[in-house]
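Comments concern the structure below.
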Ligand code: SAM
């Protein structure tokens, strides 16, 4: 396997995927990942954003499955964060994979939507944009500093119907109920590893994974209590490890009245995939354009 993959992670990848696919994932970690962004349609359409970037000498290319998304060529993130259109919230720098869960959530105008692990707010503000600020979004974040960052981003992006709560979502009162829930759970970050990058995140040890999976399961069980019966939610992580993905979903389904709803992935043909053990879920393979990501849609049945 590629040098530089943390030993415990390499061991887990080999055990889950076998040598060949584990090597493919490691190559994805070694790739230089493209800078990608989303035009914030609450403030500017994609065409205008593309033109404004081109006027600054920044070329972009489109993304087949999302008209608001673009891939940036020849400019790093810091070239974008200095621009007026960034300051005004007309764009949001976001990985392509992380744009998929809000698209599959499918929130509708006037629905009550809960985002249970929301900071820094990429997906919260995307839900606001996708519904034209017509869904009511409750965005929860446990960490105070990150909740402040979330508030700032929500405000800058013009997401006017988002209420930010600095709470541990596991403690939300079961009397609340929501039409749709996004649980973009805290995770090891095994999908986001970027070898050689000082910004590469990810923590890999048996103890960390045990702690994280416990939180993920508690959060998912709470989500299924807060979701209105018959309604659907998305569980996502930026991990490619079954321990944080299919195993969490499988355990939650056994404990709660819920079922997996197969994702309609017909629009996402260009997204590289890894094998999954629950049919109808998605695990994105890391490569030069994508972070590794897992997405499952779950319906509460009773
Ligand atoms: N959804 C975010 C986005 O798209 O910008 C990224 C979320 S990040 C994967 C997970 C976040 O959940 C972290 O900011 C973390 O502090 C927060 N978190 C972890 N456990 C939580 C809990 N029990 N309740 C609320 N927030 C939690």
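The values are calculated or read from the model by the stated rules, or taken from the named source; none is laboratory data. Worth saying up front: this structure is predicted, and the values here are computed from it rather than measured. Cβ: placed from backbone, ideal geometry, glycine included. Neighbour counts: every protein chain shown.
Residues in region 169-195 that are farther than 19 Å from residue 8 by Cβ and surrounded by fewer than 18 Cβ atoms within 10 Å (Cβ to Cβ): 170, 171, 173, 174, 175, 176, 177.
From the list 232, 217, the one residue that fits, being surrounded by 14 or more Cβ atoms within 10 Å (Cβ to Cβ), part of a strand (DSSP E or B) and under 19 Å from the mean Cα position of the chain (by Cα), is 232.
I need the full set of residues from region 105-123 which are touching a helix residue (DSSP H, G or I) at 6+ places or on another chain (Cβ under 9 Å), outside any loop (DSSP other than H, G, I, E, B) and more than 7 Å from the ligand (Cβ to nearest atom), in order please. Matches in region 105-123: 105, 113, 114.
For every residue, the table says whether it meets (1) more than 20 Å from the chain's Cα centre (by Cα); (2) more than 27 Å from residue 166 (Cβ to Cβ); (3) within 15 Å of the ligand (Cβ to nearest atom); (4) assigned to a helix (DSSP H, G or I).
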position: 61; (1), (2), (3), (4): yes, yes, no, no
position: 79; (1), (2), (3), (4): yes, yes, no, yes
position: 95; (1), (2), (3), (4): no, no, yes, no
position: 142; (1), (2), (3), (4): no, no, yes, no
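Evaluate the following for residue 243: is it under 25 Å from residue 10 (Cβ atoms) and surrounded by 21 or more Cβ atoms within 10 Å (Cβ to Cβ)? When the stated conditions are applied, residue 243 does not pass them.
The lone criterion from (1) assigned to a loop (DSSP other than H, G, I, E, B); (2) under 21 Å from residue 294 (Cβ atoms); (3) more than 8 Å from the ligand (Cβ to nearest atom) left unmet by residue 181 is number (1). Of 134, 151, 161, all but one fail to be free of Cβ contacts under 8 Å to residues at least 24 places away in the same chain and more than 20 Å from residue 252 (Cβ to Cβ); the exception is 151. Taking the criterion of being surrounded by 19 or more Cβ atoms within 10 Å (Cβ to Cβ) and over 24 Å from residue 294 (Cα atoms), the residues of region 86-100 that qualify are 89, 90, 91. In the set (1) surrounded by fewer than 19 Cβ atoms within 10 Å (Cβ to Cβ); (2) touching a strand residue (DSSP E or B) at 6+ places or on another chain (Cβ under 6 Å), the condition left unmet by residue 38 is number (1).
Candidates 68, 78: the one that is free of Cβ contacts under 8 Å to residues at least 24 places away in the same chain and farther than 25 Å from residue 260 by Cα is 78. Suppose the filter is within 22 Å of residue 34 (Cβ to Cβ), away from the ligand (no atom under 16 Å from the Cβ), modelled with pLDDT of 95 or more and within 21 Å of the chain's Cα centre (by Cα); does residue 90 pass it? For residue 90, the condition - within 22 Å of residue 34 (Cβ to Cβ), away from the ligand (no atom under 16 Å from the Cβ), modelled with pLDDT of 95 or more and within 21 Å of the chain's Cα centre (by Cα) - is met.
Of all residues in region 164-176, those satisfying the criterion of being touching a residue at least 40 places away in the same chain (Cβ under 8 Å) and part of a loop (DSSP other than H, G, I, E, B) are 172, 174, 176.
Residue 51 meets each of the listed conditions (1) within 16 Å of the ligand (Cβ to nearest atom); (2) part of a helix (DSSP H, G or I) apart from (1).
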